[in-house]
Amino acid sequence: MHQPSVKRLLSVPVLVAALGYFVDIYDLLLFGIVRIPSLRDLNLSDAQVSSVGASILNWQMTGLLFGGILWGMLGDKKGRLSVLFGSILTYSLANISCGLVEEVGTYKLLRFIAGVGLAGELGAGITLVSEILPKQLRALGTSLVAGIGLLGAVVAYFTAEYVTWRTAYFVGGGLGVSLLVMRVGVFESNTFQQLQQQKHVKRGSFISLFTNMDRLGRYLACIGIGFPTWFVIGILTTFSNEFGQAKGIVGEIQPGLAIMWCYVGLALGDFASGLISHQLRSRRKAVLLLMLVALVRCILFLFIPVQYARSFYGLCLMMGVGIGYWALFVTIAAEQFGTNLRATVTTTVPNMVRGSVVGMTALYGALKLPYGILQAGAWVGLLCFIVGFTSILVISESHNRELDFLEK
């Protein structure tokens, strides 16, 4: 790669977007990691820890859905940078406040506010990087953002291992506030600045995604591509203790550790996906390849005999590599829509996928009794992969697409 290209990839906006996503992932997963110790510290029984923990997580996921729409519309109306910094400030203050929480009601509210804040960072960052970088570097830049960002899961896990849960929240909030200091030198994309001059163009209309069949089809396909990723994260690794028990693993499986290894694989996959897309000159082929890898590794996870926990965690790592097209799928969403709707789409799409885990868990729960844990996971996975493969096959190729266009 030529030196000017490397310099563009390592520019301040790209690095700030990457570090912002790093803190985003840290804070997104932190509640899942500290759920048990934090709720026990609030004097909840083991039964309450399970039910209240699920309730708080649902509040956070609901915040992500609301925040995705809010920040997406603001990104097209006010600019990518305003959302990038506003979302970081929101979830940073919410996480600092979580470190001071003393009762469950406040905890739920703060995780909802944190979810709202967390919803905006990735979409705004990917949109900004996509519009700043030349098209030949776009996939590499967005993969760099996600690859660095996803390592926040590793830091979150080890932080929670070595400090109290309250301190872990303070660390996450402090990282976000520190990141805001780095905003010096970050500039708005020329593409959006040119759009601002066109006063007659309607920007950030979420409703317009549903008033035209072509736009709706593109939007739903972008969401569908991401379904396999959160099947792996939200079902297979989140409930890894149940799958480990069903497979007869020797030793206790820790979901937090399974999630961490999955995210290590995800980071590796995201770095690789940008290179694969760059070499194949195709977004669709790169995603198809990784989705096939993810499918094979999910089958192995569910049905290959495994005796020891370390081998089980190794399967989590391999699945993570397979679903490592997260940044690429968000980049595809950015490239499918015009500048006046790009931030709305790029911000809502990943949060719609994250929100879909509520339906996945409900289906998984309903199928466990009649089919058992492994078969229930397999049926949910089959549905998610059918949606994923169908979506990537119907979406148009966008590798060399110029982004300076509008939605009519």
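Being within 22 Å of Ala153 (Cα to Cα), open to solvent by 10 Å² or more (accessible area, probe 1.4 Å) and in contact with a helix residue (DSSP H, G or I) (Cβ under 7 Å, 6 or more places away or on another chain) is the filter here; which residues of region 261-287 pass it? Walk me through it before giving the result.
Within region 261-287, the first condition is being within 22 Å of Ala153 (Cα to Cα), and the residues that meet it are 261-274.
Narrowing further to those that are open to solvent by 10 Å² or more (accessible area, probe 1.4 Å): 261, 264, 268, 271-272.
Hits for region 261-287 are Trp261, Val264, Leu268, Phe271.
Counting just the residues of region 86-99 that are open to solvent by less than 10 Å² (accessible area, probe 1.4 Å), small (Gly, Ala, Ser) and in a helix (DSSP H, G or I), which one comes out nearest to Ala17 (Cα to Cα)?
Our first condition is that a residue be open to solvent by less than 10 Å² (accessible area, probe 1.4 Å); within region 86-99, this holds for 87-88, 91-92, 94-95, 98-99.
Checking which are small (Gly, Ala, Ser) leaves us with 87, 92, 94, 99.
Subset that is in a helix (DSSP H, G or I): 87, 92, 94.
Working: Ser87: 12, Ser92: 15, Ala94: 20 Å.
The extreme case among them is Ser87.
Check region 391-401 and report whether any residue there is within 25 Å of Phe66 (Cα to Cα) and at pLDDT 85 or above.
Yes, region 391-401 has at least one match.
Taking the residues in region 138-153 that are open to solvent by 10 Å² or more (accessible area, probe 1.4 Å) and in a helix (DSSP H, G or I) as candidates, determine which candidate is farthest from Met260 (Cα to Cα). I'd like the intermediate steps shown before the answer.
Taking region 138-153 and keeping what is open to solvent by 10 Å² or more (accessible area, probe 1.4 Å), we get 140, 144, 148, 151.
Those still in the list that are in a helix (DSSP H, G or I) too: 140, 144, 148.
Details: Leu140: 24, Leu144: 19, Ile148: 14 Å.
Top of the filtered list is Leu140.
Which is open to solvent by 20 Å² or more (accessible area, probe 1.4 Å), in a helix (DSSP H, G or I) and β-branched (Val, Ile, Thr), of Ile69, Ile126?
On the way: Ile126 fails: open to solvent by 20 Å² or more (accessible area, probe 1.4 Å).
Ile69 is the lone residue from the list that is open to solvent by 20 Å² or more (accessible area, probe 1.4 Å), in a helix (DSSP H, G or I) and β-branched (Val, Ile, Thr).
Search region 349-376 for residues that are touching a residue at least 40 places away in the same chain (Cβ under 8 Å) and pair each with any residue that is small (Gly, Ala, Ser) and not in a helix (DSSP H, G or I) when their beta-carbon atoms are under 6 Å apart and the residues are at least 6 apart or on different chains.
Val353/Gly226
Please identify the pairs in which a residue from region 299-314 that is more than 16 Å from Phe239 (Cβ to Cβ) has its Cβ atom under 6 Å from the Cβ atom of a residue that is surrounded by fewer than 13 Cβ atoms within 10 Å (Cβ to Cβ), counting only partners at least 6 apart or on another chain.
Gln307/Val250; Tyr308/Val250
Any idea how many residues of region 20-34 are at pLDDT below 85 and open to solvent by 30 Å² or more (accessible area, probe 1.4 Å)?
Result for region 20-34: 2.
Glu102 fails exactly one of the following numbered conditions: (1) farther than 26 Å from Trp261 by Cα; (2) open to solvent by 50 Å² or more (accessible area, probe 1.4 Å); (3) assigned to a helix (DSSP H, G or I). What is the number of that condition?
(3)
Restricting to region 72-81, count the residues that are under 23 Å from Ala18 (Cβ atoms), out of contact with any Asp or Glu (no Cβ under 9 Å at 6 or more places or on another chain) and either in a helix (DSSP H, G or I) or open to solvent by less than 30 Å² (accessible area, probe 1.4 Å) (or both).
Looking only at region 72-81, we keep the residues that are under 23 Å from Ala18 (Cβ atoms), and these are 72, 74-76, 78-81.
Filter once more, so that each one left must be out of contact with any Asp or Glu (no Cβ under 9 Å at 6 or more places or on another chain): 72, 74-76, 78.
So of that shortlist, the ones also either in a helix (DSSP H, G or I) or open to solvent by less than 30 Å² (accessible area, probe 1.4 Å) (or both) come out as 72, 74-76.
So the count comes out to 4.
Evaluate the following for Gly256: is it in a helix (DSSP H, G or I), at negative phi, at pLDDT below 95 and not hydrophobic (A, V, I, L, M, F, W, C)? Spell out the reasoning first.
Working: in a helix (DSSP H, G or I): yes; at negative phi: yes; at pLDDT below 95: yes; not hydrophobic (A, V, I, L, M, F, W, C): yes.
Yes, satisfied.
Out of the helices (runs of 4 or more DSSP H) lying entirely within region 278-342, which hold 1 or more residues that are at pLDDT 90 or above and farther than 20 Å from Leu122 by Cβ?
Details: elements: 283-303, 309-322, 326-336.
In region 278-342, 283-303, 309-322 are the helices (runs of 4 or more DSSP H) which contain 1 or more residues that are at pLDDT 90 or above and farther than 20 Å from Leu122 by Cβ.
How many residues does region 129-150 hold that are hydrophobic (A, V, I, L, M, F, W, C) and within 16 Å of Leu118 (Cα to Cα)?
If we filter region 129-150 for residues that are hydrophobic (A, V, I, L, M, F, W, C), which is where we start, we get 129, 132-133, 137, 139-140, 144-146, 148, 150.
If we keep only those that are within 16 Å of Leu118 (Cα to Cα) as well, we get 145-146, 150.
Residues meeting the conditions: 3.
Take the residues in region 333-381 that are among the charged types (D, E, K, R) and within 25 Å of Val296 (Cα to Cα); name whichever of them is surrounded by the most Cβ atoms within 10 Å (Cβ to Cβ). Outline the logic, then answer.
Keep residues of region 333-381 that are among the charged types (D, E, K, R), which gives 335, 342, 354, 368.
Filter once more, so that each one left must be within 25 Å of Val296 (Cα to Cα): 354, 368.
Numbers: Arg354: 24, Lys368: 17.
By that ranking, first place goes to Arg354.
The values are calculated or read from the model by the stated rules, or taken from the named source; none is laboratory data. Everything numeric here is computed off the predicted structure, so don't read it as measured data. Methodologically, a virtual Cβ is constructed for each residue, glycine included, from the backbone with ideal geometry; neighbour enumeration extends over all protein chains shown. The accessibility values were calculated without ligands, DNA or RNA, using every heavy atom of the protein model including side chains. Shrake-Rupley method; radii C 1.70, N 1.55, O 1.52, S 1.80 Å.
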